[in-house]
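K.L.:
Have a look at the structure that comes next, please.
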Amino acid sequence: MRIAVIILAIEGALEKLGTKEMHCALAVQSTVLKTVSDFMYARGVMQLLPVIISPITDPLCHSVYDARVPYCGTEFSLTKSMILHKQLALASPFRKAIYIVSPNVRLELPEKAGTGRHLLEFSQVDFELKHATAGEAMRFAEELFTEIFSRVASERCGELATLGCALPTFAPRFIEKSSRELAEKYGREWEAIESASATEPFWALDHEREFYDCEDPARAGHYLNYDLVYPRGFGEALSGGMREWQYPRLLERMQRAGTDSSLFGSYLEAAKKGLLQPSAGAGFGVERLVRFICGFKDVADAAPFAKKPGQEKYAF
Ligand code: ASN
């Protein structure tokens, strides 16, 4: 029985690799990444290459299995997101803004199997702007998304027609909603519920997340962060925030979140030396964006070597 499941899984994966839908998805993805590159280059945002293993990485605000690689006495983690490296990269007085297209490995628990939104490995476009406010980073993201949608609509109309989907045009500014109010109204599943009824992307503001998202100095217990959420039930598009950068604040936030500060050696050392700078930024998953544009049911349809959580066998 198990062998049959394995064979079916491998055959299914090989078949999907060759479909015209996958070909269209990759064509759309090329335009997305070319637009990101042109957009960043035109604004002087310097590209960093991804870090794949590091002793420090994003603790994330949800549980995943650890992906660690021991090497000669160092415990490397596979990158979950480049957030800490983004802040470290901006410590240089020569850099004002950076972005990275990086693989993120998040070994999600099997309970995420049916969400249609999770992969064990995905690519994130992550940017960070020194001395920016939350509003400035949000406007930057809106411009980028608008540019992506418009270039895909004009350059990939053939592929969109093949897939039978028309990409609606969205104009900034996207509307803003309070995550707290949505959570009070709908409970834990607020994002999915609000996304399902939305017809335009919207910002969900102010939710408690990892230690690095800045607490509002004027309103304790509120956070200067933002998620962009896709309409029509596609869920989270992007997440970001203004950042904590001062050593005592970071320690306090780690303590409050129950995060082990000993896992963030060089990052905390940089903060202690006063090297970290105020900044704001965000990141979005490339496959989720392609899924949204192509109208796919599952993010796995946008990734040729997709690894969904909780599968019995992985082909690639
Ligand atoms: N990229 C996100 C940010 O910039 C962090 C994440 O992916 N967990 O806030």
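K.L.:
Which loop chymotrypsin sites (Phe, Trp or Tyr not before Pro) in region 39-138, with loop taken from DSSP, have no more than 15 other Cβ atoms within 10 angstrom of their Cβ? It would help to have the intermediate numbers written out before the result.
P.N.:
Values: sites: Phe39, Tyr41, Tyr65, Tyr71, Phe76, Phe94, Tyr99, Phe122, Phe127; in loops: Phe94.
For chymotrypsin sites (Phe, Trp or Tyr not before Pro) across region 39-138 that sit outside H, G, I, E and B with at most 15 neighbouring Cβ atoms in 10 Å, the list reads Phe94.
K.L.:
Could I ask something else about it? Once label points are set 7 Å from the Cα along Cα→Cβ at both Glu189 and Lys20, what is their separation, rounded to one decimal in nm?
P.N.:
With each label point 7 Å from Cα toward Cβ, the separation is 3.7 nm.
K.L.:
Next question. May I ask you to list the trypsin sites (Lys or Arg not before Pro) in region 91-195 that are in a DSSP loop and have at most 14 other Cβ atoms within 10 Å of their Cβ? Kindly include the intermediate steps, with their values, before the conclusion.
P.N.:
Details: sites: Arg95, Lys96, Arg106, Lys112, Arg117, Lys130, Arg139, Arg151, Arg156, Arg173, Lys177, Arg180, Lys185, Arg188; in loops: Arg95, Lys96, Arg106, Arg117, Arg156, Arg173.
Those satisfying the criteria are Arg173.
K.L.:
What's the FRET efficiency of Cys72 with Ser266 using the Cβ-Cβ distance as r and R₀ = 22 Å, to the nearest 0.05?
P.N.:
On the way: r = 17 Å, r/R0 = 0.78.
With R0 = 22 Å, the Cβ-Cβ based efficiency is 0.80.
K.L.:
Right, another one. What angle do you read, to the nearest 10 degrees and between 0 and 90, between the alpha-carbon axis of helix 20-42 and the longest principal axis of the chain?
P.N.:
Relative to the chain, helix 20-42 is tipped by roughly 30 degrees.
K.L.:
What accessible surface, in Å², does a 1.4 Å probe find on Thr259, ignoring ligands, DNA and RNA and rounding to the nearest 10?
P.N.:
Estimated to the nearest 10 Å², Thr259 gives 30 Å².
K.L.:
Let me ask something additional. Determine the gain in length on full extension of the stretch Lys297-Cys61; use 0.36 nm per residue of separation and subtract their C-alpha separation, reporting nm with one decimal.
P.N.:
82.4 nm
K.L.:
If you don't mind, another one. List the trypsin sites (Lys or Arg not before Pro) within region 235-286 that DSSP assigns to loop and that have no more than 11 neighbouring Cβ atoms inside 10 Å.
P.N.:
On the way: sites: Arg243, Arg249, Arg253, Arg256, Lys272, Lys273; in loops: Lys273.
Those that pass, being in a loop and sparsely packed, are Lys273.
K.L.:
Could you derive backbone 3J(HN,Hα) for region 168-175 from the dihedral phi with the Karplus parameters 6.51, -1.76 and 1.60 (θ = phi - 60°), listing whole Hz in sequence and x where the residue is Gly or Pro?
P.N.:
Taking θ as phi minus 60°, the curve returns x, 8, 10, 10, x, 7, 6, 6 Hz for region 168-175.
K.L.:
If you roll a 1.4 Å probe over region 1-98 with all protein chains in place, what percent of the accessible area is carbon or sulfur?
P.N.:
Numbers: 3650 of 5670 Å².
Result for region 1-98: 64 percent of the exposed heavy-atom area is carbon or sulfur.
K.L.:
Which whole-number value in Å² is the accessible area per residue of the chain, probe 1.4 Å? Could the numbers behind the result be given before it?
P.N.:
Values: 15060 Å² over 316 residues.
Accessible area per residue, the chain: 48 Å².
K.L.:
Taking the Cα centroid of region 283-312 and of region 177-245, what is the distance between the two, rounded to the nearest whole Å?
P.N.:
A separation of 21 Å, based on Cα centres.
K.L.:
Here's something else I'd like to know. Kindly state, to the nearest 0.05, the FRET efficiency for Ser197 paired with Leu275, given R0 = 45 Å and r defined as their beta-carbon distance.
P.N.:
Working: r = 45 Å, r/R0 = 0.99.
After rounding, the FRET efficiency stands at 0.50.
K.L.:
Where Lys and Arg each count +1 and Asp and Glu each count -1, what net charge lies around Gly116 among other residues with Cβ under 11 Å from its Cβ?
P.N.:
In short, +4.
K.L.:
Between Ile10 and Glu252, how high is the FRET efficiency from 1/(1 + (r/R0)^6) when r is the Cβ-Cβ distance and R₀ = 45 Å? Nearest 0.05.
P.N.:
Details: r = 49 Å, r/R0 = 1.10.
With R0 = 45 Å, the Cβ-Cβ based efficiency is 0.35.
K.L.:
Another question about this same structure. Give me the distance in nm between label points sitting 7 Å out from Cα along the Cα-to-Cβ direction at Ala171 and Glu208, one decimal.
P.N.:
4.0 nm
K.L.:
For Tyr41 paired with Thr133, estimate the spin-label separation in nm (one decimal), with each label point 7 Å from Cα along the Cα-to-Cβ line.
P.N.:
About 3.2 nm, to one decimal.
The values are calculated or read from the model by the stated rules, or taken from the named source; none is laboratory data. The model shown is predicted, which means the values in this text are computed figures rather than measured ones. Cβ sites come from the backbone with ideal geometry, for glycine too, and all protein chains shown count toward neighbours. Note: areas computed on protein heavy atoms with side chains; ligands, DNA, RNA excluded. Shrake-Rupley method; radii C 1.70, N 1.55, O 1.52, S 1.80 Å.
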